[in-house]
Amino acid sequence: MTTLEQFIADRQQEVEKATGAFSKILRDIGLGAKMVSFYLRRASLAGFLGELGLTNIQGESVQKLDDMANRLFIRLFSHNPHIAGIATEEEAEILSTNPDGKYVILLDPLDGSSNIDVGVPVGTIFSVYRRLTPIGTPCTERDFLQGGRQQVAAGYVLYGTSTLLFYTTGRGVHGFTLEPAAGEFLLTYPQVQMPSHSSYYSFNDNQLHEWSLELQQYVADLHLRNQRAEKPQSLRYVGSLVADFHRNLLKGGFFMYPGTVKKPEGKLRLLYEGYPIAWLTEEAGGKASNGYQPLLDVPPHSIHQRTPLFIGPVEEIERLTSFLQRNVAVETT
Ligand code: P6P
């Protein structure tokens, strides 16, 4: 019965010189997760469902629960002396909080929230960096635009049939389950490894006609393989990145959200969806790509930048990118 706090305390030397600052950040993430979980499960009883009547920086209608989760995490992190600044999907600009903080955090406070009204699991995604700018000064965008391989922690909370918290600090992926009777996250999935075989495929093909010809050829190849396979891959797509990713992480499967002719950068955000999910994938033995390079190597240029996302077992992602890069090979010859 290892609690999240105990697990972090036992390993805090791995991340920093045991100052405990980093541990307090992960502890706050766990506290925020418990509180969001509580409000989500009562949303339909407490009039928390539906739209707030505002539109966020993404041009999306803000759900009441998006706003609740966003405000809750911002309030929590603003009181953490070790966090210098916060960037979230719901905030147009970065928030500078404690100039003496050593870390900055990026967050998708509630991913997939349009599914809440129909009882589909949703999640929180987080990504933590050590700041670059001098301690004692307000943080700047430079602290957030460091690139995926500079993350010091990344993870997600899945509000599903149970509330789960999975994270990595670069030494494997570890998963915890919220024990409501104790109000504690308990270690339930140590050292998670993604199965090398893909049993599921997760993508929304409503824009298939707008995908590149090479990607359409990959999809045709996938269906052809399924026709011949003893155990064909099954389609599983719930429309919540955290839920789709979590299933594929545990059971083996690939997820993609490609770009289209009209929107080559795709829909998902690089800094607080792509990078953290990509790091977890690599730490669990999988592969994450934007179709042409490892996702963690895609350079950041703005907080809300979008990216195509292809994540899953190495073999499947390499097969997929071989189709996509066939086009590049043709173009360069
Ligand atoms: P679509 C939820 O809105 C989200 O950002 C991700 O959680 C999810 O994977 C994706 O969008 C679903 O998008 O276009 O298939 O509804």
Leading residue by the ranking (surrounded by the most Cβ atoms within 10 Å (Cβ to Cβ)) among those in the range 129-155 that are in contact with a Phe, Trp or Tyr (Cβ under 7 Å, 6 or more places away or on another chain) and assigned to a helix (DSSP H, G or I)
G148
Hey, does the range 119-128 have a residue that's away from the ligand (no atom under 16 Å from the Cβ), of a type outside the set (S, T, N, Q), touching a residue at least 24 places away in the same chain (Cβ under 8 Å) and not in a helix (DSSP H, G or I)?
yes
Could you list all residues from the range 197-228 that are small (G, A, S) and exposed (fewer than 13 other Cβ atoms within 10 Å of the Cβ)?
A220
Out of V261, V238, V242, report the one residue that is assigned to a loop (DSSP other than H, G, I, E, B), within 13 Å of the ligand (Cβ to nearest atom) and either among the β-branched types (V, I, T) or under 18 Å from the mean Cα position of the chain (by Cα) (or both).
V238
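Residue-wise test of (1) surrounded by fewer than 20 Cβ atoms within 10 Å (Cβ to Cβ); (2) at pLDDT 90 or above; (3) part of a helix (DSSP H, G or I); (4) within 18 Å of the chain's Cα centre (by Cα).
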position	(1), (2), (3), (4)
F48	yes, no, no, no
A69	no, yes, yes, yes
F73	no, yes, yes, yes
I86	no, yes, no, yes
E93	yes, yes, no, no
I105	no, yes, no, yes
Got at least one residue in the range 285-305 being among the small types (G, A, S), within 12 Å of the ligand (Cβ to nearest atom) and surrounded by fewer than 21 Cβ atoms within 10 Å (Cβ to Cβ)?
no
G266 versus (1) assigned to a helix (DSSP H, G or I); (2) within 11 Å of the ligand (Cβ to nearest atom): which is the lone unmet condition?
(1)
All-but-one check, W279 against (1) within 13 Å of the ligand (Cβ to nearest atom); (2) assigned to a helix (DSSP H, G or I), failing number (1)
Residues in the range 176-200 that are in a loop (DSSP other than H, G, I, E, B) and not small (G, A, S): how many?
8
Does the range 107-118 hold any residues that are of a type in the set (A, V, I, L, M) and near the ligand (Cβ under 10 Å from one of its atoms), and which are they?
L110
In the range 201-235, residues that are within 12 Å of the ligand (Cβ to nearest atom) and in a loop (DSSP other than H, G, I, E, B) total 2
Among (1) away from the ligand (no atom under 16 Å from the Cβ); (2) surrounded by fewer than 19 Cβ atoms within 10 Å (Cβ to Cβ), Y167 falls short only on (2)
Based on this model, can you work out whether I57 counts as part of a loop (DSSP other than H, G, I, E, B), surrounded by fewer than 16 Cβ atoms within 10 Å (Cβ to Cβ), touching a residue at least 12 places away in the same chain (Cβ under 8 Å) and within 16 Å of the ligand (Cβ to nearest atom)?
yes
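The values are calculated or read from the model by the stated rules, or taken from the named source; none is laboratory data. Quantities reported herein were computed from a predicted structural model and do not represent experimental measurements. Ideal geometry is used to build each Cβ from the backbone, glycine not excepted, and the neighbour counts take in all protein chains shown.
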